[in-house]
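Read through the structure below, which is laid out as structure tokens, and then see the notes.
The values are calculated or read from the model by the stated rules, or taken from the named source; none is laboratory data. Note that the structure is predicted; figures quoted are calculated from it, not measured. Positions of Cβ are backbone-derived with ideal geometry, glycine not excepted, and every protein chain shown enters the neighbour counts. With ligands, DNA and RNA removed, areas are computed over all heavy atoms of the protein, side chains included. Shrake-Rupley method; radii C 1.70, N 1.55, O 1.52, S 1.80 Å.
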Amino acid sequence: MRTARAVLFGLAAALLAVQSANAEPRTTTIGTSQDGSPLTLYTLGEGPKRVLILGGQHGGPEANTVELVGGLLEYFAGNPLELPSGIELDVLPIANPDGLAAGSRQFSSGVDPNRNWGGNDWRADAFDSNAVFRVGLGGPEPFSEQETRALADWVLAKKPAFIVNYHSAGGFMFGQREGLAGDLATAYAEASGYYWPSPGVGGGQRSPLPYSASGSMNSWLRQVGVPAILVELSTPRSTEIERNLAGLTAVLQALGAT
């Protein structure tokens, strides 16, 4: 696995390439990490329909998601005509900069970035990504961490039409199956080829995970009515950029046609 320094260097090189490409992204700081690093959002295109992609929520162990999202940003900046009219692409390559720098999945506080979201399944004590039950992993309360609050506030203010949250590793995706959200998730699954578990008994998502992930971002997004998918890359090393570019392009085209 590449070191955090190498990942940041690669991302910086990609962003320099973006600056000399056909479309230079606009930058916004939506908040700061607990150690003082900015949460930097890059934006391409304009329009009423926003698509947010984010990587690095689980820091250093999922550094390949930072590389992937940086690569997708570089591609669309260099190929602006691939972004349909009326769509704004918002890109957050590093959702957990402290975890990336420290080689940790958690925030500096020790709280897991994907167990701290509100909703009816939040728990203070939760399973980590290795299926180990850990006291306090979800935080003392929902949205207790400033990084979670910053991203949640942005989502509630902007109401994206679709969100793609990249993780690793598992080789599958989660997402709604009904309505427009289901249509967009289907477009991503078909174009990318990721395994998408079918609904279980009662219509709930059948999870390939051996544990219950409480307080997740995707669960909260569903409850507040924001369409989203979570994509687990197949390994903790490869970016799988070709298949994810195909999936994201399919979503953008489908959304542009609505």
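Of the residues making up the range 1-56, those that are in a loop (DSSP other than H, G, I, E, B), touching a Leu at 6+ places or on another chain (Cβ under 7 Å) and at pLDDT below 95 number 1. Contact annotation: residue pairs with Cβ atoms under 8 Å, 6 or more positions apart or on different chains, pairing a residue in the range 172-200 that is among the basic types (Lys, Arg) with a partner that is buried (at least 19 other Cβ atoms within 10 Å of the Cβ), are 177/185. Within the range 61-96, the set of residues being open to solvent by less than 10 Å² (accessible area, probe 1.4 Å) and in a helix (DSSP H, G or I) comprises 62, 63, 64, 65, 66, 68, 69, 70, 72, 73, 76, 77.
For the range 140-159, the candidate set comprises residues that are buried (at least 19 other Cβ atoms within 10 Å of the Cβ) and of a type outside the set (A, V, I, L, M, F, W, C); within that set, the residue that is farthest from the chain's Cα centre (by Cα) is 142. Only helices (runs of 4 or more DSSP H) whose full extent lies in the range 144-258 are considered here, and the ones with at least 3 residues that are farther than 28 Å from residue 100 by Cα are 179-192, 241-256. Would you mind stating whether residue 130 is over 22 Å from residue 97 (Cα atoms), surrounded by fewer than 18 Cβ atoms within 10 Å (Cβ to Cβ) and modelled with pLDDT under 95? Spelling it out, it is not the case that residue 130 is over 22 Å from residue 97 (Cα atoms), surrounded by fewer than 18 Cβ atoms within 10 Å (Cβ to Cβ) and modelled with pLDDT under 95. Among the conditions (1) part of a helix (DSSP H, G or I); (2) at pLDDT 95 or above, residue 122 misses just one, which is (1).
Each residue in the range 230-250 was checked for being touching a strand residue (DSSP E or B) at 6+ places or on another chain (Cβ under 6 Å) and either of a type in the set (Lys, Arg) or over 19 Å from residue 67 (Cα atoms) (or both), and 0 of them qualify. Within the range 155-167, is even one residue aromatic (Phe, Trp, Tyr) and under 19 Å from residue 32 (Cβ atoms)? There is no residue in the range 155-167 that is aromatic (Phe, Trp, Tyr) and under 19 Å from residue 32 (Cβ atoms).
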